[in-house]
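Engineer: I have a structure I would like to understand better, so I am pasting it below and will then ask my questions one at a time.
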Amino acid sequence: MLFTNGTDGKFSMTKVKRIGVLTGGGDAPGLNPAIKGVVYRSSERGMETVGLGDGWLSLLNPPFDVVPLEWSTVRRWDRDGGTNLGSSRTNPFQTPNELGERVDRSSEVIANIEKLGLDAVIACGGEDTLGVAARLSQMGVAIVGVPKTIDKDLSGTDYTLGFDTALRNVTEVIERSRTPAGSHGWVQVIEVMGRHSGHLALWSGAAGQADIILIPEHPFRYERVYSLLKSKLGDSTSHPRDPQHPRYSVIVVAEGAYAEEGELIIMDDRHDAFGHPRLGGISEVLARRILSDTSYEARSVVLGHPQRGGPPSPVDRIMGLLFGARAADAVADGDFGKMVSSRGIAPACDLSMVDITAVLGRIDTVDVARFYDTDRYHLKGIGM
Ligand code: F6P
């Protein structure tokens, strides 16, 4: 195995021959195109690629789930959603033992990388998976990161794989929610993923023309939601043919949104390996409040994991292929401890390599001053 030999992440001691690629955290459309990009470019640059099953877990659990990846294996992967390598939320620095205590098993990961004869690892993931990659890189492992998450909350890059497809998925549901809401005359509250960032909620809400969009970056007031509903719906929704007032409304709420006087709504007491609570339930809380505090009928729906489902959009295919190929180039050039980053989105995008520690301890959230109308609870500047 090769180790970086300096603070600049460059090394030239031995030619890299064998790359292990893994995908960790929540799956996202765009990962399989990225793997294809890695494999195609690697073989062009004379390197061999193997896939490591289920993220960092594969490097902790012998017998190791290692899949040889030839170009012929991944030829059709660009059309596949999810990740054909499998994924897990494994934190080698905090792995539960038989007693349920969390122990640091990072040295096993490093030893196993060596045992598998890997000269470098390409880790595709979000803040958690790449956070592990950043720490392993600081310990001398030759690593390159590829950014993915439907939350689009990674620092150091404009684009994260999966966002565009999730945006399409969520927008479709917002559109489809209009017919039942309109037929019956109710307020449809739609809960969208994104953890503590509102990118997915804000842009899907704008694309699907929701009337109100609530995001974690700006705690909302119930009274303001009611008055916005009133200005849209009038006093009631029981007037199907009133030209002034539609009889339904759509609210998009990010799972991490919360009221000024309230708190984050979580599903249960469980936390994942990185200490994140499972967010969920704000849509039902809001719908109940609308029912009890106003004259409007309300329904809630939590969109859940299908938001991440289905085949990658054209943007995710292209960005995945570009990201994967760029990561393979970085490995071939010995440019370790870096993450592929994009300014802009294809076709207008510039790729570069940024320090992978950019992802540590911070997330990228919606720039409220630039994009969010805090009075109308909507995308700024579009008159809604
Ligand atoms: O980070 C991606 C994401 O889909 C978040 O939007 C969501 O909060 C979380 O993963 C759900 O976690 P899990 O897939 O473990 O249920």
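The values are calculated or read from the model by the stated rules, or taken from the named source; none is laboratory data. Keep in mind it's a predicted model, so treat the numbers as computed, not measured. Ideal geometry is used to build each Cβ from the backbone, glycine not excepted, and the neighbour counts take in all protein chains shown. Just the protein is used for accessible areas: all its heavy atoms, side chains included, with ligands, DNA and RNA removed. Shrake-Rupley method; radii C 1.70, N 1.55, O 1.52, S 1.80 Å.
Engineer: Compute the distribution of all C-alpha to C-alpha distances in the chain, in bins of 10 Å from 0, and list the percent of pairs in each, rounded to whole numbers.
Structural biologist: 5, 24, 29, 20, 13, 6, 2, 0
Engineer: When DSSP assigns beta bridges and you keep just the ones with both residues in the chain, what percent turn out antiparallel, to the nearest 5?
Structural biologist: Of those bridges, close to 40 percent are antiparallel.
Engineer: Okay, moving on. What figure in square angstrom, to the nearest 10, would you give for the accessible area of residue 289 with a 1.4 Å probe?
Structural biologist: Its accessible surface works out to 90 Å², give or take rounding.
Engineer: Please report the net charge: other residues with Cβ closer than 15 Å to the Cβ of residue 294, K and R +1, D and E -1. Write out the running numbers ahead of the final one.
Structural biologist: Working: positive: 221, 224, 230, 232, 247, 288, 289, 299; negative: 211, 223, 235, 293, 297.
That sum, taken over residues with Cβ under 15 Å, equals +3.
Engineer: Still on this model: Shape of region 304-384 from its Cα gyration tensor (a ≥ b ≥ c, root eigenvalues): rounded if a/c is under 1.5, otherwise prolate when a/b > b/c, or oblate? Can you show the working numbers first?
Structural biologist: Working: a/c = 2.26, a/b = 1.69, b/c = 1.34.
Judged from the Cα gyration tensor, region 304-384 comes out prolate (a/c at least 1.5, a/b above b/c).
Engineer: How much of the pair distance distribution for region 33-120 lies past 22 Å, counting alpha-carbon pairs only, in percent?
Structural biologist: Details: 1317 of 3828 pairs.
Here the long-distance tail beyond 22 Å is 34 percent of all Cα pairs in region 33-120.
Engineer: Still on this model: Give, in nm to one decimal, the length gained when the segment between residue 75 and residue 218 is fully stretched (0.36 nm per residue of separation minus the Cα-Cα distance). Walk me through the numbers before you get to the answer.
Structural biologist: Working: separation 143, 0.36 × 143 = 51.48 nm, distance 4.39 nm.
Answer, rounded to one decimal: 47.1 nm.
Engineer: Label-point separation (nm) for residue 235 and residue 370, each offset 7 Å from Cα along Cα-to-Cβ?
Structural biologist: 4.5 nm
Engineer: So which of 152/380; 115/148; 152/230; 15/152; 17/152; 36/148 end up more than 24 Å apart, counting from Cα to Cα?
Structural biologist: With Cα atoms farther than 24 Å apart: 115/148; 152/230; 15/152; 17/152.
Engineer: Expressed in nm to one decimal, what extension gain is obtained for the pair residue 207 and residue 242 from 0.36 nm per residue of sequence separation less their Cα-Cα distance? Display every interim value, and only then the final one.
Structural biologist: Numbers: separation 35, 0.36 × 35 = 12.60 nm, distance 2.54 nm.
Additional length available on full extension: 10.1 nm.
Engineer: For the full complex of protein chains and a 1.4 angstrom probe, list 168, 221, 105 by accessible area with the highest value first.
Structural biologist: Numbers: 168 80, 221 105, 105 55 Å².
Descending order: 221, 168, 105.
Engineer: On the full set of protein chains, 1.4 Å probe, figure out the accessible area of residue 99 and give it in Å² to the nearest 10.
Structural biologist: Counting only protein heavy atoms, residue 99 exposes about 130 Å² to solvent.
Engineer: Equivalent ellipsoid semi-axes for region 238-367, as square roots of 5 times the alpha carbon gyration tensor eigenvalues: give them largest first, rounded to whole Å. Don't skip to the answer; put the middle values down first.
Structural biologist: Values: eigenvalues 336, 93, 35 Å².
So the three semi-axes of region 238-367 are 41, 22, 13 Å.
Engineer: Additional query: Amide H of residue 161: which non-local residues (sequence gap of 5 or more, or other chain) have their own amide H closer than 5 Å, using H built in the peptide plane?
Structural biologist: HN-HN under 5 Å from residue 161: 148, 149.
Engineer: Multiply the residue gap between residue 226 and residue 272 by 0.36 nm, knock off their C-alpha separation, and tell me the result in nm, one decimal place. The partial results should precede the final answer.
Structural biologist: Details: separation 46, 0.36 × 46 = 16.56 nm, distance 3.51 nm.
Length gained between residue 226 and residue 272: 13.1 nm.
Engineer: Report the calculated FRET efficiency for residue 102 and residue 354 (r = Cβ-Cβ distance, R0 = 30 Å), to the nearest 0.05. Provide the component values of the computation, followed by the final result.
Structural biologist: Details: r = 30 Å, r/R0 = 0.99.
For residue 102 and residue 354, the calculated efficiency is 0.50.
Engineer: Sticking with this structure for a sec: If you wrap region 226-299's Cα atoms in a convex hull and average its projection over all directions, what's the area in nm²?
Structural biologist: Working: hull surface 23.4 nm².
It is 5.9 nm².
Engineer: Could I ask something else about it? Got a sec? What order do 267, 339 fall in by accessible area at 1.4 Å, biggest, i.e. largest, first?
Structural biologist: Working: 267 105, 339 0 Å².
Of 267, 339, the descending order of accessible area is 267, 339.
Engineer: Ranked by accessible surface with a 1.4 Å probe, highest first, in what order do 371, 220 come? Walk me through the intermediate numbers first.
Structural biologist: On the way: 371 60, 220 0 Å².
The ordering from most to least exposed comes out as 371, 220.
Engineer: Further question: How many percent of Cα pairs in region 86-233 exceed 25 Å?
Structural biologist: Values: 5310 of 10878 pairs.
Pairs farther apart than 25 Å: 49 percent.
Engineer: Give the long-range amide H neighbours of residue 30: residues separated by 5 or more places, or on another chain, with amide H under 5 Å away, using H modelled in the peptide plane at 1.01 Å from N.
Structural biologist: 82
Engineer: Within region 200-229, list the residues whose amide N lies under 12 Å from a label point set 7 Å along Cα→Cβ of residue 382.
Structural biologist: Backbone N within reach: 201-213.
Engineer: What does the accessible area of residue 76 come to, in Å² to the nearest 10, when a probe of 1.4 Å is used?
Structural biologist: Rounded to the nearest 10, that gives 140 Å².
Engineer: Would you calculate, for the chain, the mean residue ellipticity at 222 nm contributed by helices, counting each DSSP H stretch of 4 or more residues as -39,500 (n - 2.57) and dividing by all residues, to the nearest 500? Don't skip to the answer; put the middle values down first.
Structural biologist: Details: 10 runs with 118 residues, N = 384.
Computed ellipticity for the chain at 222 nm equals -9500 deg cm²/dmol.
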